[in-house]
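Heads up, the thing below is written out as structure tokens.
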Amino acid sequence: MKEKPLILKNKIYLYLTEFFAGMSVMAVELGASRLLAPYFSSSQIVWTIIIGTIMIAMALGNIYGGRSADKDPDPDRLYRRIVVAGLWIALIPVVGKYIIIGIAGVLIFAVNNNFLIIAAFAACMVIFVYPLFLLGTVTPSLVKYTVDSLDDSGKTVGMLGAFNTIGSIIGTFVPTFISIPAVGTSVTFLIFAGILLVLALVYFVSAHMSKKGIIKAAVTGVIYLFCIIFGHSSSFAFWQNDLTVEDESVYNYLQVYESGNRVVLSTNVLFGVQSVYLKDEGLTGMYYDYAMAAPLMAGFYEKDSPMSMLILGMGTGTYATQCNRYFGEMDIEGVEIDQKITDLAREYFELDDSVPVTTYDGRAYLNAIDEKYDVIMVDAYQDITIPFQMSSVEFFTLVKDHLNPGGVMVVNMNMRGSSEGSINDYLADTISSVFSEVYTVDVSGSTNRELFASDDHDILNKMQTGIACENNEELNAMMNHIYENLVPYAAGKRVMTDDKAPVELLGMRVIDELIQGEVAYYKNIYDEQGIKGILSLISG
């Protein structure tokens with residue numbers, strides 16, 4: 001065994017190595033969730049995949065690191081692995097998004113079921129397993145270098161574990177609350193990669209910096225500089241060059257872009273849009289127009305005072321804006337968990353400053369207030385990310401408790417599946433266990449379905465009265481279309497509770513169905529003409 005370098009004779013540096021390794025592992029894990037979320041969502045399924053693959057990598061790293069340290073206890077090997085891990089992490093902002101899109105593009109043709117699980121797992125395995133495997137070798141290697149005798153082995157191993165845990169805690173909080181909101185996911189990867197590279201560089205400089213080592217250090221620096229230049233401002237939607245805003249918040253990836261007379265907000269790049277605002281102030285043709293039937297069902301034209309409305313999941317406020325435009329004076333307030341979305345709503349979507357928006361979770365807000373409303377809009381289901389706490393019988397009971405007599409709840413269900421037992425069937429059954437009157441209508445040209453619920457048996461008559469009183473021809477035609485297509489919901493027994501609400505798995509089934517429907521045309525071309533047919537279609 002070669003003599004231990006001087007820097008390692010002081011255990012403080014070994015403890016610092018453990019500290020920064022633990023910190024970097026958690027930072028990469030959180031960065032992984034943000035890198036994957038715009039493509040696969042931030043659902044519990046994706047988080048499970050991230051945590052599972054990282055634990056696999058760390059376990060394998062622990063095994064390899066222990067065996068390697070016993071076989072050849074040379075600390076140079078450990079710090080070389082740290083260098084490789086740092087460079088790999090630095091390269092993630094440069095190439096990670098291309099790998100994800102490539103994997104998704106291949107698998108979308110190769111699999112028929114569980115696309116979300118398989119694609120996210122494959123992306124995690126390719127992008128994150130190797131560097132975290134390398135970081136997993138740190139702890140067993142350091143135990144070999146720090147334990148001098150059995151007399152103090154327990155204390156030494158305990159100190160290593162403590163430094164790793166403290167580093168992990170800091171690596172959890174810093175990305176979530178500081179670096180990702182402030183400088184983004186890409187720069188966060190670069191920061192923690194740089195920490196690992198500096199850690200290793202300090203070792204090699206202190207231990208034995210030869211001419212060959214200087215060359216290696218220079219090459220490492222050049223690669224890291226390359227990553228900084230090409231990775232610090234990379235776009236998740238790299239194929240789009242017309243984005244007005246691309247940003248990240250504590251909760252979401254955010255992009256705003258303009259298309260003709262529309263301003264669009266999206267919180268992902270693969271599964272549609274979240275909010276649309278029309279500059280010409282007409283109807284949107286989207287679910288916002290359908291949801292405007294709720295005020296008529298609640299007797300808008302029969303009330304002497306302004307109607308009160310609460311929107312849970314305010315987004316950019318399109319529904320509030322449309323209601324104000326077409327119905328005039330209403331007392332509207334919104335709840336939106338993401339303050340950055342509210343800021344974008346004020347700046348780009350013309351949400352009026354007179355409409356108050358509270359930054360809070362929708363259910364927690366209802367628990368905190370006593371007010372009652374004529375209409376409550378639930379629009380918190382963001383593509384495939386459906387919060388279970390806003391999908392249960394307890395939640396809808398809470399909504400009902402905050403409705404005035406004759407009040408109406410309208411729910412935007414954005415993943416309309418055609419198979420029996422879809423997420424929308426579960427939601428509708430759950431709502432039907434709380435409200436006596438439940439009607440649904442499918443939004444033309446989309447996967448959205450609007451659900452209206454009330455305990456007032458007269459809501460359809462009130463809607464007819466409202467239509468008769470409506471002077472705007474465009475809105476009148478839309479309301480007539482909705483009325484003619486309303487379907488009374490036949491309730492089943494699929495009731496979700498706070499204890500049991502498998503919204504992720506149910507949503508995934510619908511996603512599989514929607515994806516297969518979207519790519520069926522391209523699959524047929526691929527089956528008949530192979531990859532040449534697809535390339536010809538793209539180029540021509």
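Which condition number in (1) hydroxyl-bearing (S, T, Y); (2) in contact with a Lys or Arg (Cβ under 7 Å, 6 or more places away or on another chain); (3) without any contact (Cβ under 8 Å) to a residue 60 or more places away in the chain is the one that T146 fails? For T146, the exception is condition (3).
Matching residues to (1) over 22 Å from L296 (Cβ atoms); (2) touching a residue at least 40 places away in the same chain (Cβ under 8 Å); (3) among the acidic types (D, E):
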{"position": "T358", "(1), (2), (3)": "yes, no, no"}
{"position": "D361", "(1), (2), (3)": "yes, no, yes"}
{"position": "A364", "(1), (2), (3)": "yes, no, no"}
{"position": "A368", "(1), (2), (3)": "yes, no, no"}
{"position": "V378", "(1), (2), (3)": "no, yes, no"}
{"position": "I386", "(1), (2), (3)": "yes, yes, no"}
{"position": "E394", "(1), (2), (3)": "yes, yes, yes"}
{"position": "N404", "(1), (2), (3)": "no, yes, no"}
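Over 19 Å from H402 (Cα atoms), touching a residue at least 24 places away in the same chain (Cβ under 8 Å) and of a type in the set (D, E): does that describe D353? Show your work before the answer.
Values: over 19 Å from H402 (Cα atoms): yes; touching a residue at least 24 places away in the same chain (Cβ under 8 Å): no; of a type in the set (D, E): yes.
The answer is no for D353.
So G507 clears everything in (1) surrounded by fewer than 20 Cβ atoms within 10 Å (Cβ to Cβ); (2) in contact with a strand residue (DSSP E or B) (Cβ under 9 Å, 6 or more places away or on another chain) except one condition, right? Which one? Checking G507 against (1) surrounded by fewer than 20 Cβ atoms within 10 Å (Cβ to Cβ); (2) in contact with a strand residue (DSSP E or B) (Cβ under 9 Å, 6 or more places away or on another chain), the one that fails is (1).
Going by what's in this entry, would A207 be described as within 13 Å of F20 (Cα to Cα), of a type in the set (A, V, I, L, M, F, W, C) and either crowded, with 23+ Cβ neighbours inside 10 Å or touching a residue at least 60 places away in the same chain (Cβ under 8 Å) (or both)?
Numbers: within 13 Å of F20 (Cα to Cα): no; of a type in the set (A, V, I, L, M, F, W, C): yes; either crowded, with 23+ Cβ neighbours inside 10 Å or touching a residue at least 60 places away in the same chain (Cβ under 8 Å) (or both): yes.
No, not satisfied.
Okay, residues lined up against (1) touching an Asp or Glu at 6+ places or on another chain (Cβ under 8 Å); (2) free of Cβ contacts under 8 Å to residues at least 60 places away in the same chain; (3) among the hydrophobic types (A, V, I, L, M, F, W, C); (4) part of a helix (DSSP H, G or I):
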position: L14; (1), (2), (3), (4): no, no, yes, yes
position: W47; (1), (2), (3), (4): no, yes, yes, yes
position: M58; (1), (2), (3), (4): no, no, yes, yes
position: D76; (1), (2), (3), (4): no, no, no, yes
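Among the residues of region 356-379, is any modelled with pLDDT under 90 and farther than 21 Å from N261 by Cβ? Checked against the condition, which is being modelled with pLDDT under 90 and farther than 21 Å from N261 by Cβ, region 356-379 yields no hits at all. Assessment of region 107-129 against the conditions (at pLDDT below 80 and at positive phi) yields at least one matching residue.
Considering only helices (runs of 4 or more DSSP H) fully contained in region 420-490, which possess at least 2 residues that are closer than 17 Å to Y326 by Cα? So that I can check it myself, show each step before the final result.
Numbers: elements: 423-432, 459-469, 473-485.
Qualifying helices (runs of 4 or more DSSP H): 459-469, 473-485.
Selection within region 341-366: residues that are part of a helix (DSSP H, G or I) and touching a helix residue (DSSP H, G or I) at 6+ places or on another chain (Cβ under 7 Å). The member of this set that is farthest from P387 (Cα to Cα) is L366. Among residues of region 480-499 being of a type in the set (A, V, I, L, M) and surrounded by fewer than 14 Cβ atoms within 10 Å (Cβ to Cβ), the one that is modelled with the highest pLDDT is V487. With the checklist (1) out of contact with any helix residue (DSSP H, G or I) (no Cβ under 6 Å at 6 or more places or on another chain); (2) of a type in the set (A, V, I, L, M); (3) over 22 Å from V28 (Cα atoms) in hand, flag the one item V256 doesn't pass. That leaves (1) as the condition not met.
In the set Y145, Y130, Y64, only one residue is aromatic (F, W, Y) and under 16 Å from G31 (Cα atoms); that residue is Y130.
Looking only at region 291-298, decide whether some residue is touching a residue at least 12 places away in the same chain (Cβ under 8 Å) and surrounded by fewer than 24 Cβ atoms within 10 Å (Cβ to Cβ). No, the conditions are met nowhere in region 291-298.
This table checks each residue for (1) in a helix (DSSP H, G or I); (2) modelled with pLDDT of 80 or more; (3) not aliphatic (A, V, I, L, M).
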residue: L142; (1), (2), (3): yes, yes, no
residue: D151; (1), (2), (3): no, no, yes
residue: K155; (1), (2), (3): yes, no, yes
residue: T165; (1), (2), (3): yes, yes, yes
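A104 fulfils the conditions (1) in a helix (DSSP H, G or I); (2) under 23 Å from I169 (Cα atoms) except for a single criterion, (2).
Modelled with pLDDT of 90 or more, crowded, with 16+ Cβ neighbours inside 10 Å, closer than 21 Å to L30 by Cβ and in contact with an Asp or Glu (Cβ under 8 Å, 6 or more places away or on another chain): is that true of V94 in this structure?
no
Evaluation of S446 against the conditions (1) within 23 Å of V399 (Cβ to Cβ); (2) under 30 Å from the mean Cα position of the chain (by Cα) shows that the sole unmet condition is (1).
The values are calculated or read from the model by the stated rules, or taken from the named source; none is laboratory data. Just so we're clear, the structure is a prediction, and the values are computed from it rather than from any experiment. A quick note on method: Cβ atoms are made from the backbone with ideal geometry, for glycine too, and the neighbour counts reach across all protein chains shown.
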